[in-house]
Protein chains: 2
Amino acid sequence: MNLAISFEDVTRAAETIAGVANRTPVLTSRTINRMTGYEVYFKCENFQRVGAFKFRGAYNALSRLSEAGKKGGVVTHSSGNHAQGIALSAKLLGISATIVMPTDAPQAKMQATRDYGAEIVLYDRQLKIREEVSAQVESERDLTLIHPYDHPHIMAGQGTVALELLTDVPDLDVLVAPIGGGGLLSGCSTAAKAIKPDIQLFGVETKTSNDWWLSFQQNRRVHIPPPDTIADGIRTQQPGELTYPVVRELVSEILLVSDEEVIEAMRLLLTRLKILAEPTGAVALAGVLNQLEAKPGAKVGVIVSGGNVDEGLLATLLKRG
Amino acid sequence: MNLAISFEDVTRAAETIAGVANRTPVLTSRTINRMTGYEVYFKCENFQRVGAFKFRGAYNALSRLSEAGKKGGVVTHSSGNHAQGIALSAKLLGISATIVMPTDAPQAKMQATRDYGAEIVLYDRQLKIREEVSAQVESERDLTLIHPYDHPHIMAGQGTVALELLTDVPDLDVLVAPIGGGGLLSGCSTAAKAIKPDIQLFGVETKTSNDWWLSFQQNRRVHIPPPDTIADGIRTQQPGELTYPVVRELVSEILLVSDEEVIEAMRLLLTRLKILAEPTGAVALAGVLNQLEAKPGAKVGVIVSGGNVDEGLLATLLKRG
């Protein structure tokens, strides 16, 4: 099958973002190793610029625009981190950016997007489909749409997460990532399988946001109603057209976790690793803690995808415990 | 003057703790660089074992006990992190440990100390002096007292923080650390001045916990009543007998910050760097943000001393903002 990206696209993206994106550290925790029976390696994309891996793909995609495309400006739709990634990349590259966001996106993410100088167009997630809103803005204003995941340069950029992790920990047995649109996992699985063909890949989503899990079951891109989950980064309704074939080909299984398990994983990251993950950033760890079945002692890479949390939400989660 | 430790004591401690203590990462933040006008390098001892730098000194001191001393067991007094450092080090080295703690020490720290297998003896901070309580336990049970800071092997162990930081960032202009008993700063200033003689050193304490500031003013070891500050790691009442001469000799100035400034620094570390610092762990950053006067663009090392916070306290602080 002809997949949307190759390993070379990922290594090219790595060259493009070198020195601009942070080469994020890999952390470990004896406590979590003891709890899981694995050697767990956390790739900390919460330390990435804009606080999430999304900067990688965004910067790669904007860098590859034609001169006319750069001059015309870009538009995208996002629940937050992709928006910030595009907004900052646009600022760094001198491109104007318009972001279509749902009205219920976290305040912290909206404000950060505005702070980077991007224009925000809001829409109601229950009434309109974000793809249609951004298509409208795109045509009205003659902008280039940078899709948050279904875009080869975005997918390749996100794949640099796995490229770096496998450079630091070459003998990884398993790699676990959250899956929303599939940009992160399609890129990472492309890179990981090229570097270590026998690595096992897992995507994790929440039970209410199970479009990938259903799609794996039914072997087609299943569409679900707008999901209600604390993991706002993976509230997608259908696997991407370009990401699905890659993930279906390379990923072993989709694991499902509950919102409560995600919150518990967030708390563990905070109290044990001393790092702040947003709910989506804790989804992969929740999968490892509750669903993964790998051999004892396996070296398991876990992508902490982002760290942008409203302080109020965080306080509420901590009080709940 | 004959100081309690030399640079060689610090390098020897580094050999002792190598492979046992974590070599903690150094993080940076473009946002904080922009806010301060400095290049700030955060030495993240919140990622250290037991969640604080205290493990370094504790493991170094216990490793250097005589065989008889190891067999007899140890006692110490601590508001928390030193207790955990001793408890874990004792466990790793097969030594029994008794910890004298104030009744108002954070629950998380007490529990962690118990979890490492140490025995806790509680006392009321308003009624008794901890040194006297531990001296009593020491003589009754024939244990070796490991003072939390006024001890050459403790001081030397804590100095490895600066040794590592200056290995990673050799051209540091300034180093800023919280100061309670003075173990961390005496060790770090010994190492830092040996490596880079023109480095400027600063200690930071809270306004209510100003024993070092007063001591620098009056040029003697001033004793203050039990201080009330959110930074529970620096609630000491008097500079140490061994630490004072070192700090007085090598440190430029003691900076004072308010509890509110400490909380604000904690929030910045959490929301911008995505790392969890306990109040004492944010004291040095509070000093840099509010009191430090260094040349623009200076390379400033900031020690994030620990990350052990009660979840309830953290939630309260976040809600306040």
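Out of B:252, B:215, B:209, B:258, one residue alone is farther than 27 Å from residue B:25 by Cα and surrounded by fewer than 21 Cβ atoms within 10 Å (Cβ to Cβ). It is B:258.
Would you call residue B:99 away from chain A (no Cβ under 14 Å), touching a residue at least 24 places away in the same chain (Cβ under 8 Å) and outside any helix (DSSP H, G or I)? Answer is yes for this residue. In region B:138-177, the qualifying residues are those that are in contact with an Asp or Glu (Cβ under 7 Å, 6 or more places away or on another chain) and not in a helix (DSSP H, G or I), and the one that is modelled with the lowest pLDDT is B:145. Just so you know, in region B:263-321 the residues that are surrounded by fewer than 19 Cβ atoms within 10 Å (Cβ to Cβ) and free of Cβ contacts under 8 Å to residues at least 12 places away in the same chain include one that is farthest from the other protein chains (Cβ to nearest Cβ), and it is B:293.
For region B:1-21, a tally of residues being touching an Asp or Glu at 6+ places or on another chain (Cβ under 9 Å) and within 13 Å of chain A (Cβ to nearest Cβ) returns 0.
Taken together, B:241, B:205, B:253 contain a single residue that is charged (D, E, K, R), in contact (Cβ under 8 Å) with a residue 60 or more places away in the chain, away from every other protein chain (no Cβ under 14 Å) and touching a Phe, Trp or Tyr at 6+ places or on another chain (Cβ under 9 Å), which is B:205.
Please verify whether residue A:275 is out of contact with any Pro (no Cβ under 9 Å at 6 or more places or on another chain) and either modelled with pLDDT of 95 or more or not assigned by TED's automatic domain parsing to the domain that holds residue A:220 (or both), treating the condition exactly as stated. When the stated conditions are applied, residue A:275 passes them. Could we say that residue A:162 is closer than 15 Å to residue A:54 by Cα and touching a residue at least 40 places away in the same chain (Cβ under 8 Å) here? In short, yes. Taking the conditions (1) within 15 Å of the chain's Cα centre (by Cα); (2) of a type in the set (Gly, Ala, Ser); (3) within 13 Å of another protein chain (Cβ to nearest Cβ) in turn, residue B:108 satisfies each one other than (1).
Kindly indicate whether residue B:24 is of a type outside the set (A, V, I, L, M, F, W, C) and more than 19 Å from residue B:283 (Cβ to Cβ). Taking the combined requirement at face value, the residue does not satisfy it. Whether any residue in region B:46-59 is in the same structural domain as residue B:236 (by TED's automatic domain parsing), within 19 Å of the chain's Cα centre (by Cα) and within 30 Å of residue A:88 (Cβ to Cβ) is what I want to check. Scanning region B:46-59 turns up at least one residue that is in the same structural domain as residue B:236 (by TED's automatic domain parsing), within 19 Å of the chain's Cα centre (by Cα) and within 30 Å of residue A:88 (Cβ to Cβ).
Say we look at region A:1-37 and pick out the residues that are closer than 28 Å to residue B:43 by Cβ, in contact (Cβ under 8 Å) with a residue 60 or more places away in the chain and surrounded by fewer than 16 Cβ atoms within 10 Å (Cβ to Cβ); which of these is nearest to the chain's Cα centre (by Cα)? Going through the qualifying residues, I end up with A:23.
Note on region B:22-61: residues that are away from chain A (no Cβ under 12 Å), small (Gly, Ala, Ser) and under 15 Å from residue B:157 (Cα atoms) amount to 3.
Do the conditions hold for residue A:83, that is, is it within 17 Å of residue A:55 (Cα to Cα) and more than 19 Å from the chain's Cα centre (by Cα)? No, not satisfied. The single condition among (1) out of contact with any Pro (no Cβ under 9 Å at 6 or more places or on another chain); (2) part of a strand (DSSP E or B); (3) surrounded by fewer than 19 Cβ atoms within 10 Å (Cβ to Cβ) that residue A:201 does not satisfy is (3). The residues in region A:102-156 that are of a type in the set (A, V, I, L, M) and closer than 15 Å to residue A:59 by Cβ can be counted, and the count is 5.
The values are calculated or read from the model by the stated rules, or taken from the named source; none is laboratory data. In this text, all values refer to a predicted model and were calculated from it rather than measured experimentally. When we count neighbours, we look across all protein chains shown, and the Cβ atoms used for this are built from the backbone with ideal geometry, even at glycine.
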